[in-house]
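First the structure, in the form of structure tokens, and then the observations on it.
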Amino acid sequence: MKKPSFLERLTGSSQSDQDYDRILDEDHQFGDEEELQEGEEYQEEEQDWEPDTDYENQQDGELPVDMYQTDDTIVIRALVAGVSPAELDISITRDMVTLRGIREEIQEVHDDGYYHRELFWGSFSRTLVLPEEVAIDEAEAQEKHGMLEIRLPKLDKHRSTQLKVRTNAGHK
């Protein structure tokens, strides 16, 4: 059976859910042999599936974020509960931000002891293209109660300054 995607693990949905939607379509005649056989195959596959807890070999999960702007700042917020701030990697360029981290699972019981498994564990990342260039040296990141907030001051493209010309004439 193919490995479920991050979204499928997160929502608990699968391709088979779409098959059931097709079966329950109003044009369907219940009792068709072909449909019953497909449902039986699905049950067999489901019994063979075991959660994959080998996080190092899995793809990164995509970290959900909110991003908005004020007149002079771009703000990015993300829930990073369970991740130490020292374990977060935030890379900033003038037009892009990348967030990376790992949420380590503390497993107190075996997999068969769970009734529900909905939390995401493992590595995650997110790269965002910024709507405007930012001053990377003035960026700030703060975590409070599991909420990461990154404040990125926008570059003021209309700002100008007077440059004085120095001369070395007269110095020998």
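The values are calculated or read from the model by the stated rules, or taken from the named source; none is laboratory data. Note that the coordinates shown come from a computational prediction; the quantities given were computed from them, not determined experimentally. Every residue, glycine among them, receives a Cβ derived from its backbone with ideal geometry; neighbour counts consider all protein chains shown.
General observations
- Residue within region 101-114 that is in contact (Cβ under 8 Å) with a residue 60 or more places away in the chain, assigned by TED's automatic domain parsing to the domain that holds Pro131 and within 28 Å of Lys154 (Cβ to Cβ) present: no
- Qualifying residue in region 151-171 (condition: in contact with a Gly (Cβ under 8 Å, 6 or more places away or on another chain) and surrounded by 10 or more Cβ atoms within 10 Å (Cβ to Cβ)): no
- Subset of region 134-150 (residues that are surrounded by fewer than 16 Cβ atoms within 10 Å (Cβ to Cβ) and either modelled with pLDDT under 80 or part of a loop (DSSP other than H, G, I, E, B) (or both)): Ala135, His145, Gly146
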